[in-house]
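Notes follow the structure.
The values are calculated or read from the model by the stated rules, or taken from the named source; none is laboratory data. Because the structure is a prediction, the values reported are computed rather than measured. Note that we place each Cβ from the backbone using ideal geometry, even for glycine, and neighbour counts take in every protein chain shown.
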Amino acid sequence: MVSSKELLKELLTDEKLGYCQSCGSCSASCPMTRVIPEKYNPRTLLQKIHLDPDGMSEKEELWLCAWCYRCTERCPQGIQPTEIFLLTRNFAAEKGMIPANPRRIIKEIMNSGRSMPYGEFIDELREDYGLPPIGEVPAKVLEEQRKIVGEEFLEVVK
Ligand code: SF4
Ligand code: SF4
C-alpha cells in the first residue's frame, strides 16, 4: 500500500510548487485565515509542508483547516492545497501525532457515533425546529464503524 508520505511527495513536487504564483487566492479565500490570520495561512502552510513534511506533521497548525475546499477551487494553478493538508494529516495520524482536540472528537465519534455527546436536549432543540428526534446511534452501527476504521487506527487514537 502506498503511504501518505509517498502520496504527499507525488502531490507536492518542486515542479508543482514551482507553478504556485504566490497569488494568495488560497489565503484570501480561507475562512480560517479570516478568523485567525496570526495562526493560519494556507499559502505559507504549503511552503512549510514542502520544505519539512516531517516537522510539519507535528504542528497543530496542520489541524486548523476546516475542509471547505475554497482554496482548491480557486487556485489558478490547480495545486490542490486541501488534498495536500489532508495527506499531511494522514501522515501525522499514522505516526500517532494527533493533537488533543481532534483526538477527543475522534474518540467521541468512536464511542457515540457523533462528534459531540448525545443528550435529550438535542432532541428538544430539534423539536423546536419541527425536526424528528435523532436518538442514540445503534450499537450495530458503532460496531460497523469500528470495523471500517480498523483496529490499527483505534490503537493510535487510544
Ligand atoms: S492559490 Fe494556488 S497559486 Fe495562488 S498562492 Fe495559493 S497555492 Fe499558490
Ligand atoms: S480547505 Fe482549508 S485551507 Fe483551504 S480555504 Fe478551506 S479552510 Fe482554508
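Just checking, how many residues over segment 15-36 are touching a helix residue (DSSP H, G or I) at 6+ places or on another chain (Cβ under 8 Å) and away from ligand 2 (no atom under 15 Å from the Cβ)?
2
Only one of these conditions is not met by Leu8: (1) modelled with pLDDT of 85 or more; (2) under 22 Å from Gly96 (Cα atoms); (3) in contact with a Ser or Thr (Cβ under 8 Å, 6 or more places away or on another chain); (4) not in a loop (DSSP other than H, G, I, E, B). Which number is it?
(1)
Residue check, Glu127 against (1) within 19 Å of the chain's Cα centre (by Cα); (2) not assigned by TED's automatic domain parsing to the domain that holds Tyr40, all met but one. Which one?
So the condition that Glu127 fails would be (1).
Tell me the residue from Glu61, Glu144, Glu152, Glu124 that is away from ligand 2 (no atom under 16 Å from the Cβ) and closer than 30 Å to Glu10 by Cα, please.
Among Glu61, Glu144, Glu152, Glu124, only Glu152 is away from ligand 2 (no atom under 16 Å from the Cβ) and closer than 30 Å to Glu10 by Cα.
Show the residue pairs that are 6+ apart or on different chains and have beta-carbon atoms under 6 Å apart, the first residue being within segment 55-72 and in the same structural domain as Cys30 (by TED's automatic domain parsing) and free of Cβ contacts under 8 Å to residues at least 60 places away in the same chain, the second being aromatic (Phe, Trp, Tyr) and within 16 Å of ligand 1 (Cβ to nearest atom).
Matching pairs, first to second residue: Leu64/Tyr40; Cys65/Phe85.
Considering only segment 54-63, I want to know if a residue exists there that is hydrophobic (A, V, I, L, M, F, W, C), surrounded by 13 or more Cβ atoms within 10 Å (Cβ to Cβ) and over 21 Å from Lys16 (Cα atoms).
Taking every residue of segment 54-63 in turn, at least one turns out to be hydrophobic (A, V, I, L, M, F, W, C), surrounded by 13 or more Cβ atoms within 10 Å (Cβ to Cβ) and over 21 Å from Lys16 (Cα atoms).
Restrict the check to segment 123-137 and report whether at least one residue is among the hydrophobic types (A, V, I, L, M, F, W, C) and touching a Gly at 6+ places or on another chain (Cβ under 6 Å).
Yes, the conditions are met somewhere in segment 123-137.
Check Cys75 against each of (1) within 14 Å of ligand 2 (Cβ to nearest atom); (2) under 18 Å from Pro102 (Cβ atoms) and name the one condition it does not meet.
Only one criterion is unmet by Cys75, namely (2).
When you go through Lys48, Lys39 one by one, which is the residue that is free of Cβ contacts under 8 Å to residues at least 60 places away in the same chain, touching a helix residue (DSSP H, G or I) at 6+ places or on another chain (Cβ under 8 Å) and in a helix (DSSP H, G or I)?
Lys48
Restricting to segment 71-119, give me the number of residues that are in a helix (DSSP H, G or I) and of a type outside the set (Asp, Glu).
Count: 27.
Out of everything in segment 22-47 that is among the hydrophobic types (A, V, I, L, M, F, W, C) and exposed (fewer than 14 other Cβ atoms within 10 Å of the Cβ), what residue ends up being nearest to ligand 1 (Cβ to nearest atom)?
Looking at residues that are among the hydrophobic types (A, V, I, L, M, F, W, C) and exposed (fewer than 14 other Cβ atoms within 10 Å of the Cβ), I get Cys23.
Which of the residues spanning segment 64-85 are surrounded by fewer than 21 Cβ atoms within 10 Å (Cβ to Cβ) and within 15 Å of ligand 1 (Cβ to nearest atom)?
Correct list: Cys68, Tyr69, Arg70, Thr72, Glu73, Arg74, Pro76, Gln77, Gly78, Gln80, Thr82, Glu83.
Restricting the first residue to segment 11-25 and requiring it to be without any contact (Cβ under 8 Å) to a residue 40 or more places away in the chain, which pairs with a second residue that is near ligand 1 (Cβ under 10 Å from one of its atoms) and of a type outside the set (Gly, Ala, Ser) meet a Cβ separation below 8 Å and a spacing of at least six or different chains?
Ser22/Arg43; Gly24/Arg43
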